[in-house]
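Participant: If you scroll down you'll find the structure; I have some questions about it.
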Amino acid sequence: MGCERTNSCQFFIDIMAGMPKTADYIKKKYCLACFEVCARYRIYKEFNGEAIPVRLFPFDSERGARILKRLRRE
């Protein structure tokens, strides 16, 4: 089982569209394996995907943590 957003994740649709090999690597590592640590997935689960920046990379956990902290204060 993998992330429920694998096929609809804006990161892959917008940012990674022209890099299929890189996109496949990231999908295998994050979307299909350990999606719970994906920065995008964490924001999606807590805030229903409303505030996920398109340019937030799945492995950018520091930026994801800052975004979550800011959203929790709002």
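Here, each number is a calculation from the coordinates, and none is a lab measurement. Everything numeric in this text was worked out from a predicted model, so none of it was measured. All Cβ positions, glycine included, derive from the backbone under ideal geometry; neighbour counts span all protein chains shown.
Participant: I'd like the full set of residues that are closer than 14 Å to Glu4 by Cβ, without any contact (Cβ under 8 Å) to a residue 12 or more places away in the chain and surrounded by 13 or more Cβ atoms within 10 Å (Cβ to Cβ), limited to region 18-65.
Facilitator: If the condition is that a residue be closer than 14 Å to Glu4 by Cβ, without any contact (Cβ under 8 Å) to a residue 12 or more places away in the chain and surrounded by 13 or more Cβ atoms within 10 Å (Cβ to Cβ), then Lys45 is the only one that fits.
Participant: Among the residues of region 1-21, write down those that are among the polar types (S, T, N, Q) and assigned to a loop (DSSP other than H, G, I, E, B). Write out each step before concluding.
Facilitator: Filtering region 1-21 down to residues among the polar types (S, T, N, Q) leaves 6-8, 10.
Result: Thr6, Asn7, Ser8.
Participant: A further question follows. Can you work out which of the residues in region 38-74 that are assigned to a helix (DSSP H, G or I), touching a helix residue (DSSP H, G or I) at 6+ places or on another chain (Cβ under 7 Å) and among the small types (Gly, Ala, Ser) is farthest from Ile26 (Cα to Cα)?
Facilitator: Among those that are assigned to a helix (DSSP H, G or I), touching a helix residue (DSSP H, G or I) at 6+ places or on another chain (Cβ under 7 Å) and among the small types (Gly, Ala, Ser), it is Gly64.
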